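Enquirer: Below are the structure tokens for one structure; questions will follow.
The values are calculated or read from the model by the stated rules, or taken from the named source; none is laboratory data. Not measured: the values here are computed from a predicted model. Here the Cβ positions follow ideal geometry from the backbone for every residue, glycine too, while neighbour counts run over all protein chains shown. To get the accessible areas, we keep the full protein, side chains included, count just its heavy atoms, and leave off ligands, DNA and RNA. Shrake-Rupley method; radii C 1.70, N 1.55, O 1.52, S 1.80 Å.
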Amino acid sequence: MNAKGKGISAIVNVARFLLGAVLVFSGYVKAIDPLGTQYKIEDYLQAVGLAGDVSDYITLSAAILLAALEFSLGVFLLLAIRRRQVSRITFVLMAFMTLITVWLVAFDPIRDCGCFGDAIHLTNWQSLGKNIVLLTAAAVVARRPLKMVRFVSKTNQWIAINFTVLFILISSLWSLDHLPQFDFRPYHIGVNIKKAMEIPPGAKLPKFKTTYTLEKNGVRKNFDEDNYPFNDTAWVLKDPDKDVKTVKVEDGYEPPITDFSITDEATGEDITDSILTDKGYTFLLISPYLEKADDSEFGALDHIYEYAEENGYHFLGLTASNDDGIAHWRDITGAEYPFYITDGTVLKTIIRSNPGLLLLKDGTIIRKWSHNDLPDSDELNGRLENIELGKMEDKSMAGKIATVVLWFFVPLLLLILADRLWAWTKWLKNKERANSIYQLIKKRDMRKKIVAGNWKMNMNLQDGVALAKEINETLKADKPDCGVIICTPFIHLASVAQVLDPEVVGLGAENCADKEKGAYTGEVSAEMVKSTGAQYVILGHSERRQYYHETPDVLKEKVLLALKNGLKVIFCCGETLDQREAGVQNDVVKEELEGSVFNLSADEWKNIILAYEPIWAIGTGKTATADQAEEMLAYIRSIVADKYGKDAAEDTTILYGGSCKPGNAPELFAKPDIDGGLIGGASLKAADFKGIIDAWKK
């Protein structure tokens, strides 16, 4: 690879690692907080006027799938799995996300995009900048996906794919049934709510400006605090949700918690301070909306309430529901504990469970439970002051990170190491085939090197003869270092044979019939081909298989008839793009050879030339990389060795076909298992064909 190529590769891989790392982090923090991601999706729906039109089941499913998509794409980019598909999907995703942030910047419907859940909060402008950088990286990767260096071979990629998807989906479902493993919200275990609401003395306060859009006699006008028309009651605020906008005009210190309050609806009394300054223990049952709360564990809640009553601890419910919602909960659960009013958004922020349970001591959160994990009588076996449950839950951030590493990254690392060991072992086996580089080169030099042109259905008779003459004269003047064959349509054969020097250029046909002779109108037999002066015939070309439905059995008959009539066979094999991307190219090629030529005797095999043609590279301008071509030709040589022995395999000439040009021929022909090329379009111009032939002189 030249310096320019290395530079491009470095840029692609830097972009790939940046993009992959961000997507892994973004997807994971969303995945472990599926309810938080659902709430953010609902914010977006509300911003576009669809609040209430989409069911909770759909928004929750969308939250889980979005997180899984981001996380999986990130891992696949980091490991270079399914490079083409993943890079394209990632580009589309980032383009969509960038358009959303453009909308956020333009109209400011939501303050925080939710890109990184509650782990990192970005302004809309910061989100746009971040997405532009990531979109640029995605474009770079999508433009040159094959420059990404693989860490897992294609054969084993399915393991990493399934493991990644299962891990992230299970993480989401576990967090949904329990609580997020990482709590990035201000109400995490260990926080003192009262202190988190305080502003340090002397701290600079942020400044806000509120704009009111009022209407009077059909005229709408904007006002702020300075010019609000208090004395003109004709100005009316039509929609408080849409017509009141508050924006921060100057930064300052903002406490982590700003809107926590507990109100006794019956009296209107704010009891926040009395709860947060209580030196003892307080159980808080958190349910944003009791109408949607899970009532399956009401018995466990009643037991905890009775335990609190017996031991003199506070137990109260916090909800945003009205009297009807509270009454409904009491009817179905028999709850006797009191309920107080707190903002629903605050309650959803406090705990990702409906209902969930908090344990406070002196205003500090020391425990959190999902309704699926409530403590039972075995745990509540004494006063909280004397038992483990009354102490701060001890789960450090480092321990949680270690758990994730242990369950996901360690198995993935072991897979990478095992895969690389497997690849290294495979490399050693390939080297052992020839014992040494010297032997490999020596045996390769013993094989005949060939460049064969396949004209296909091109050139009228006169133009074909003229081209054959030009090729013949050019090569006579400058002797090639390889065998040269031109394979022409049937009508050219006899005429072209008259102008070729068989010592310089061999002649071949592009096909022959699978019948020896008889009433087969339009067919040309192997005997007829031989009678024109041709020495070769191409069989098994992908275009014959695709357009004329030639089966392995038909090709087997053609091969036998060609050999019977003294023709050497250039037999083609290769896979489609779908088959390569599915990782079954080896199986496809092996099946094609076994079906049509592996029935030959050892003596008959000596008259076979193989040509590997990746179908996705024929006439498309795409070319298999030199390493891809070498890998496949080495594999073909290995299965020939399995069938006919090592010596026969080393003597077999194997060509590469598929958009081979003068520019890439030297790199392809430098590979030890590539013995030349079967050339399509480039063989129709003498200069291009000569340029490929001359690659053997470099």
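Enquirer: In the range 656-663, is there at least one residue being open to solvent by less than 10 Å² (accessible area, probe 1.4 Å), part of a loop (DSSP other than H, G, I, E, B) and polar (S, T, N, Q)?
Expert: no
Enquirer: Another question about this same structure. Can you tell me which of L69, L122 is more than 23 Å from L146 (Cα to Cα) and either modelled with pLDDT under 95 or assigned to a helix (DSSP H, G or I) (or both)?
Expert: That would be L122, the only listed residue that is more than 23 Å from L146 (Cα to Cα) and either modelled with pLDDT under 95 or assigned to a helix (DSSP H, G or I) (or both).
Enquirer: A follow-up question, please. Name the residue that is modelled with the highest pLDDT, counting only residues in the range 130-160 that are part of a loop (DSSP other than H, G, I, E, B) and open to solvent by less than 60 Å² (accessible area, probe 1.4 Å).
Expert: M148
Enquirer: I would also like to ask the following. Which number in (1) over 25 Å from M197 (Cβ atoms); (2) more than 38 Å from the chain's Cα centre (by Cα); (3) crowded, with 20+ Cβ neighbours inside 10 Å marks the one condition that H371 misses?
Expert: (2)
Enquirer: Would you please name the residue that is most open to solvent (accessible area, probe 1.4 Å), looking only at residues in the range 67-80 that are within 8 Å of G20 (Cα to Cα) and in contact (Cβ under 8 Å) with a residue 60 or more places away in the chain?
Expert: L78
Enquirer: Determine which member of the set I58, I64, I41, I11 is in a helix (DSSP H, G or I), open to solvent by 60 Å² or more (accessible area, probe 1.4 Å) and either closer than 30 Å to T403 by Cα or without any contact (Cβ under 8 Å) to a residue 40 or more places away in the chain (or both).
Expert: Working: I64 fails: open to solvent by 60 Å² or more (accessible area, probe 1.4 Å); I41 fails: open to solvent by 60 Å² or more (accessible area, probe 1.4 Å); I11 fails: either closer than 30 Å to T403 by Cα or without any contact (Cβ under 8 Å) to a residue 40 or more places away in the chain (or both).
Unique residue meeting the criteria: I58.
Enquirer: Taking the range 160-205 on its own, how many of its residues are under 25 Å from V29 (Cβ atoms), among the β-branched types (V, I, T) and out of contact with any strand residue (DSSP E or B) (no Cβ under 8 Å at 6 or more places or on another chain)?
Expert: 5
Enquirer: Scan the range 191-209 residue by residue and report those that are outside any loop (DSSP other than H, G, I, E, B) and either at pLDDT 85 or above or of a type outside the set (A, V, I, L, M, F, W, C) (or both).
Expert: Step one: filter the range 191-209 for residues outside any loop (DSSP other than H, G, I, E, B), giving 192-196, 207-209.
Passing the criteria: N192, I193, K194, K195, A196, K207, K209.
Okay, residues lined up against (1) out of contact with any strand residue (DSSP E or B) (no Cβ under 7 Å at 6 or more places or on another chain); (2) in contact (Cβ under 8 Å) with a residue 40 or more places away in the chain; (3) among the basic types (K, R); (4) open to solvent by 40 Å² or more (accessible area, probe 1.4 Å):
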residue: I471; (1), (2), (3), (4): no, yes, no, no
residue: I485; (1), (2), (3), (4): no, yes, no, no
residue: V496; (1), (2), (3), (4): no, no, no, no
residue: V499; (1), (2), (3), (4): yes, no, no, no
residue: L507; (1), (2), (3), (4): no, no, no, no
residue: Y520; (1), (2), (3), (4): yes, no, no, yes
residue: I538; (1), (2), (3), (4): no, yes, no, no
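Enquirer: Next question, about the same structure. Output the number of the condition that Q498 fails; it satisfies all remaining conditions of (1) closer than 18 Å to G680 by Cα; (2) polar (S, T, N, Q); (3) more than 48 Å from the chain's Cα centre (by Cα).
Expert: (1)
Enquirer: To continue, here is another question. Those residues that are of a type outside the set (D, E, K, R), farther than 12 Å from G574 by Cβ and in a loop (DSSP other than H, G, I, E, B), I need them from the range 535-550; list them, please.
Expert: The answer is Q535, H549.
Enquirer: Quick one: count up the residues across the range 674-687 that are within 18 Å of L610 (Cα to Cα) and buried (at least 24 other Cβ atoms within 10 Å of the Cβ).
Expert: Matching residues across the range 674-687 total 6.
Enquirer: Next up: Is it the case that the range 99-111 has a residue that's within 20 Å of S26 (Cβ to Cβ) and in contact with a Ser or Thr (Cβ under 6 Å, 6 or more places away or on another chain)? Even if it seems obvious, please write down each step before you answer.
Expert: Restricting attention to the range 99-111, the residues satisfying the condition of being within 20 Å of S26 (Cβ to Cβ) are 99-105, 110-111.
If we keep only those that are in contact with a Ser or Thr (Cβ under 6 Å, 6 or more places away or on another chain) too, we end up with 101.
Among the residues of the range 99-111, at least one is within 20 Å of S26 (Cβ to Cβ) and in contact with a Ser or Thr (Cβ under 6 Å, 6 or more places away or on another chain), which makes the answer yes.
Matching residues to (1) hydrophobic (A, V, I, L, M, F, W, C); (2) not in a helix (DSSP H, G or I):
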site: A562; (1), (2): yes, no
site: G566; (1), (2): no, yes
site: D578; (1), (2): no, no
site: G583; (1), (2): no, yes
site: K590; (1), (2): no, no
site: F598; (1), (2): yes, yes
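Enquirer: Inspect the range 113-134 for any residue being more than 30 Å from K245 (Cβ to Cβ) and out of contact with any strand residue (DSSP E or B) (no Cβ under 6 Å at 6 or more places or on another chain) and give the result as yes or no.
Expert: Step one: of the range 113-134, the residues more than 30 Å from K245 (Cβ to Cβ) are none.
Scanning the range 113-134 turns up no residue that is more than 30 Å from K245 (Cβ to Cβ) and out of contact with any strand residue (DSSP E or B) (no Cβ under 6 Å at 6 or more places or on another chain).
Enquirer: Then there is this: On the basis of being open to solvent by less than 20 Å² (accessible area, probe 1.4 Å), under 42 Å from the mean Cα position of the chain (by Cα) and closer than 18 Å to D373 by Cα, does I304 make the cut?
Expert: Numbers: open to solvent by less than 20 Å² (accessible area, probe 1.4 Å): yes; under 42 Å from the mean Cα position of the chain (by Cα): no; closer than 18 Å to D373 by Cα: yes.
In short, no.
Enquirer: Given the conditions (1) open to solvent by 60 Å² or more (accessible area, probe 1.4 Å); (2) touching a Phe, Trp or Tyr at 6+ places or on another chain (Cβ under 8 Å); (3) farther than 30 Å from L359 by Cα, and given that D295 satisfies all but one, which numbered condition is not satisfied?
Expert: Condition not satisfied by D295: (3).
Enquirer: Looking at (1) polar (S, T, N, Q); (2) open to solvent by 30 Å² or more (accessible area, probe 1.4 Å); (3) assigned to a loop (DSSP other than H, G, I, E, B), which one does S321 not meet, given that it meets all the others?
Expert: (2)
Enquirer: Output the residues belonging to the range 254-274 that are open to solvent by 90 Å² or more (accessible area, probe 1.4 Å), of a type outside the set (G, A, S) and either on the phi > 0 side of the Ramachandran plot or part of a loop (DSSP other than H, G, I, E, B) (or both).
Expert: Once the filter is applied, which keeps residues that are open to solvent by 90 Å² or more (accessible area, probe 1.4 Å), of a type outside the set (G, A, S) and either on the phi > 0 side of the Ramachandran plot or part of a loop (DSSP other than H, G, I, E, B) (or both), the range 254-274 yields T258, E265, T267.
Enquirer: Another question about this same structure. Residues of the range 504-531 being under 48 Å from the mean Cα position of the chain (by Cα), of a type outside the set (A, V, I, L, M) and closer than 28 Å to N472 by Cβ, which ones?
Expert: Across the range 504-531, the qualifying residues are G508, E510, N511, C512.
Enquirer: Follow-up question, since we're still on this one. Report yes if Y212 is part of a strand (DSSP E or B), surrounded by 13 or more Cβ atoms within 10 Å (Cβ to Cβ) and without any contact (Cβ under 8 Å) to a residue 60 or more places away in the chain, otherwise no.
Expert: Yes; evaluated as a whole, the condition is true for this residue.
Enquirer: Are there any pairs with C-beta distances below 6 angstrom linking a residue in the range 224-245 that is under 23 Å from F107 (Cβ atoms) to a residue that is assigned to a loop (DSSP other than H, G, I, E, B) and open to solvent by less than 80 Å² (accessible area, probe 1.4 Å), with the two at least 6 apart or on different chains, and if so which?
Expert: D243/L237
Enquirer: Quick one: T277 ticks every box in (1) open to solvent by less than 70 Å² (accessible area, probe 1.4 Å); (2) touching a Leu at 6+ places or on another chain (Cβ under 9 Å) bar one, so which box is it?
Expert: For T277, the exception is condition (2).
Enquirer: Looking at the range 374-413 only, could you name the residues that are open to solvent by less than 60 Å² (accessible area, probe 1.4 Å) and small (G, A, S)?
Expert: G382, G390, G399, A402
Enquirer: Kindly indicate which of L173, L169, L205 is surrounded by fewer than 14 Cβ atoms within 10 Å (Cβ to Cβ), touching a helix residue (DSSP H, G or I) at 6+ places or on another chain (Cβ under 9 Å) and more than 30 Å from T625 (Cβ to Cβ).
Expert: Every option except L173 fails the conditions.
Enquirer: Next question. Is there a residue being modelled with pLDDT of 90 or more and on the phi < 0 side of the Ramachandran plot anywhere in the range 408-426?
Expert: No: zero hits.
Enquirer: Within the range 477-489, is even one residue in a helix (DSSP H, G or I), at pLDDT below 95, over 21 Å from L678 (Cα atoms) and out of contact with any Ser or Thr (no Cβ under 9 Å at 6 or more places or on another chain)?
Expert: For the range 477-489, residues in a helix (DSSP H, G or I), at pLDDT below 95, over 21 Å from L678 (Cα atoms) and out of contact with any Ser or Thr (no Cβ under 9 Å at 6 or more places or on another chain): present.
Enquirer: Report the residue count in the range 600-629 for those that are at negative phi and in a loop (DSSP other than H, G, I, E, B).
Expert: Of the residues in the range 600-629, the ones at negative phi are 600-618, 620, 622-629.
Applying the additional criterion that residues be in a loop (DSSP other than H, G, I, E, B) yields 600-601, 606-607, 613-614, 618, 620, 622-625.
Qualifying residue count, the range 600-629: 12.
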